[in-house]
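Enquirer: Here it is, the structure, as structure tokens.
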Amino acid sequence: MKKLKLLIITLLTLFLLPNIVNAASASVSITSSGQIVKGNKVTVTVKLSSQVAIGSWEMQLNYDKNYLQLTSSNAEGGGNYMVNATTSKDGTKSKSYTFTFKTLKTGSTTLSIGSLLVYDNNMDEMDVTASKKTIKIITQEELEASYSKDNNLKSLSVEGYELSPSFNKDTLNYSINVPEGTTKIKVNATASDSKSHISGVGDIDVTSGINTVNVVVRAENGSEKTYVILVNVIDENPINVTIGNLNYTVIKLRDNYTCPLLYEESEVKINGFDVPSCYNENVGYTLVGLKKDDGTVENFIYNDGKYTKYVETIGTSLKVIILNYEEDLKGFKKYEEKIDGINYTVFKASENASNYVVYAQNIETGKKDFYNYDSINKTFSLYDNEALDKLIKLNETYIYVIIIFLAGLLLSLICLISGSIVRKREKNKESKKEEKEPKKNNEKENLSKEKNKKKKDKLVEEETVKEDNNEIKEVEDKKSQEKAEETKEFYDIFEDDKIKKKKSK
């Protein structure tokens, strides 16, 4: 019995073991950003891959709809369900899907794979492992707070030279001396934080004298720190020039000085040195480069040991050098105005005019003339005398009109003032007259009042007499009536006696 059981187990093992050993495997990965700001979109990639050919598959990307809203997908159904069968007899070894989600609220959410079935090209089920992906959704404020503030350098050096003092991340200012004739140095720097950005490194052009090299480190959060290297290119015999209150050094190397447009390279002898210069035949100017203490280079006109600052003013189609013009220009007044940041003497018809007339020299032709300058559009045009004469006449007409207007205004004011004085005098006369009349009026009023009072008193007296007469009359009438009544009674009695006598007879 035991031998039979062992035989059965052995046979089953022989049949099943090849399937177990030869079962192919596949994997499903989920990749995306690990952190995203709420409201932004996040892209999720699902990749099915295997070392052997895959024939068909079906799977589903599971996600929490409280945190994520699916906005687009290249899955077969356009949603989160992925199902396919290859039409190629060789199958495929990988397949990727892309899903785009909108983040809805802050917090952490996990994406996973469900309903997973994968078959090889022989329709045998494959062993599949699937990963998960957690996405952290945060606010913009949380994101910015998470940015690195590290704007320090880990190292700073100039190739072939030693910095003074030695580098320290908290030391910002350094200096080096390099030999005469040096035109380039190489600056190397490494940031403490790989997320920060460095500018001002690599090959840097330098000229004789002091050169300032700024190495700027910008942290992930935007904060910056600047490390400054002063590179002194030694000049054994410098040509120093003081103009105004500023100190300059003449540039003695051609590689350190570039000519402006329309100027040709030339040389001029200064203090026994052949100094690189620039020459324009049209204007007859020789320019040299002077370097300030801060390393900036400016062009100066050189003429027999004298230096004059050179400034080009470029319009739309003209390049001119504005010159000083001491005399007056008919029809215009002199004003000081800035053109390209520099004060010049200009001529304007009025203080608020935007068009100027300047005296300048055309660099291309060398001709000196008056030019119209439009300060709004920053354009030059050749000055038109005929147009100017018209403008002057127009201005004169305006002046005449203004004079006539002012004269009329003045006349009107005189009339107004005269009228005002006359009215004031008449008013004073009336006031005096009115002052006299009140006295007369008062006397008349008093007489009138006395007359009225007498009339009133007389009326009252008459009324009183009348009332007294009425009372007397009433008394007299009453007495007369009483007397009449007494007389009537007497006659009545007498008549009665008469009647009685007659009856008695």
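Taken together, the values in this text are just the output of simple stated rules run on the coordinates, not laboratory data. None of the values given here were measured: they were computed from a predicted structure. In this analysis, Cβ positions are derived from the backbone assuming ideal geometry, glycine residues included, and neighbour counts consider all displayed protein chains.
Enquirer: How large is Rg over Rh for segment 104-191, taking Rg from the Cα atoms and Rh as the Kirkwood inverse mean of 1/r across Cα pairs?
Expert: 1.40
Enquirer: Put a dot 7 Å past each Cα toward the Cβ at SER354 and GLU144; how far apart are the dots in nm?
Expert: 3.8
Enquirer: Sequence-distant or interchain residues sharing an amide H contact under 5 Å with ILE339, placed H: which?
Expert: TYR344
Enquirer: Working from the alpha-carbon coordinates of segment 280-373, get Rg over Rh, Rh being the Kirkwood radius.
Expert: With Rh from the inverse mean 1/r over Cα pairs, Rg/Rh is 1.01.
Enquirer: While we're here: At 0.36 nm per residue, minus the direct Cα-Cα distance, what do GLU125 and ASP170 gain on full extension? Give it in nm, one decimal, please.
Expert: Working: separation 45, 0.36 × 45 = 16.20 nm, distance 6.28 nm.
So the chain would gain 9.9 nm between GLU125 and ASP170.
Enquirer: Label-point separation (nm) for ALA53 and LYS368, each offset 7 Å from Cα along Cα-to-Cβ?
Expert: 9.1
Enquirer: Another one. Size of segment 240-310 along its principal axes in angstrom, Cα-based, largest extent first?
Expert: Largest to smallest, the principal-axis extents are 32, 25, 23 Å.
Enquirer: Right, here's the next one. For segment 153-233, what's the radius of gyration and Dmax over Cα atoms, in angstrom?
Expert: Computed over the Cα atoms of segment 153-233, radius of gyration and Dmax are 12.6, 41 Å.
Enquirer: With θ set to phi - 60° and the Karplus curve 6.51 cos²θ - 1.76 cosθ + 1.60, what are the ³J(HN,Hα) couplings of segment 175-187 in order, to the nearest whole Hz, using x for Gly and Pro?
Expert: In residue order, the calculated couplings are 8, 9, 10, 10, x, 4, x, 5, 10, 9, 10, 10, 9 Hz.
Enquirer: On to the next question. Along the principal axes of its C-alpha atoms, what lengths does segment 22-145 span, in descending order and rounded to whole Å?
Expert: 53, 26, 19
Enquirer: Take the residue pairs LYS184/LYS252; LYS252/LYS319; LYS291/LYS367 and return only those whose Cα atoms are more than 25 Å apart.
Expert: LYS252/LYS319; LYS291/LYS367
Enquirer: Out of residues 5 or more away from SER148 or on other chains, whose amide H comes under 5 Å of its own, with H placed 1.01 Å from N in the peptide plane?
Expert: Placed amide hydrogens put GLU220, ASN221 under 5 Å from SER148.
Enquirer: Right, next: Starting from the amide H of ALA75, placed 1.01 Å from N in the peptide plane, find each other amide H under 5 Å away whose residue is 5 or more places distant or on another chain.
Expert: Here the answer is THR98, since their amide H atoms fall under 5 Å of that of ALA75.
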